[in-house]
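Here's the structure, in structure tokens; my notes come after.
Derivation of every value follows stated rules applied to the coordinates shown; laboratory data play no part. Source: prediction; values computed, not measured. As a convention, Cβ positions derive from the backbone with ideal geometry for all residues, glycine included, and neighbour counts pool all protein chains shown.
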Amino acid sequence: MRIDFNKVHEEETLDYTGDLSYFNSLKSISTIKEYKKVTGKITLEKADSVLIVHYLLKPVLTVYSTLSGEPFDYIFTIDEKLYYTDQKELDSEEVFYIKEGYIDLNVEIYSLIITSLPMVLHKDGEEYPHGDNYRVLSEDELDKEVDDSKFSPFDKLKDLDLD
């Protein structure tokens, strides 16, 4: 689906339902097993030479757990507002320049999905692996243990004779 920059004149809300199966052939992210669908609303608003697009989406993906490697359905919410312009001089980090004159929603939504995925994906209640003589800690758990232990990486240097 394309949004023609010059055809948007007033605020408009679109109900969006998309099949993401096309992206399954790309296999660009190893933690994603299958792209399924996305539903939501897309609101378009024009302000001078800037098109404001508010994406409120619920993608459904089958992903691999980063803890167990088991696949599970992952449903999350994207609530993002992006700014587009067809004026080269307004191009910046906050405003995207679209030289083609249109926004390809499929490409934009795919980008939003990829950039919205957390680094650690796991099912609710799934625990970090552990066993005899080893355990896996989250970054927060590791930080807490280091803080609680009063360990300092400089402790090894205190016995050095530097004279």
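Numbers for the structure displayed
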| quantity | calculated |
| --- | --- |
| Nearest-ten-degree value, helix 105-116 long axis tilted from longest Cα axis of the chain | 20 |
| Check: the chain dipole with +1 on Lys, Arg Cβ and -1 on Asp, Glu Cβ, in debye | 780 |
| Additional length obtainable on full extension of the chain from Glu89 to Asn106, 0.36 nm per residue less Cα span | 3.5 nm |
| Environment charge at Val107 (Cβ cut-off 12 Å; Lys +1, Arg +1, Asp -1, Glu -1) | -2 |
| Mean separation of Cα contacts under 8 Å (6+ apart) over length of the chain, as relative contact order % | 18 |
| Packing-based order for 69-75, 129-135, using average beta carbon neighbours within 10 Å, highest first | 69-75, 129-135 |
| Ordering of 76-82, 104-110 by burial proxy (mean other Cβ atoms within 10 Å per residue, highest first) | 104-110, 76-82 |
| Hz values of 3J(HN,Hα) by residue in region 50-60 - Karplus curve (6.51, -1.76, 1.60), Gly and Pro given as x | 10, 9, 9, 10, 9, 9, 10, 10, 10, x, 10 |
| Given charges at beta-carbon only (K, R positive; D, E negative), |dipole| of region 83-142 in Debye | 160 |
| Highest-first arrangement of 120-126, 56-62, where packing means the average Cβ count within 10 Å | 56-62, 120-126 |
| Expected 222 nm ellipticity per residue - DSSP helices of 4 or more, -39500 (n - 2.57), all of the chain, to 500 | -4500 deg cm²/dmol |
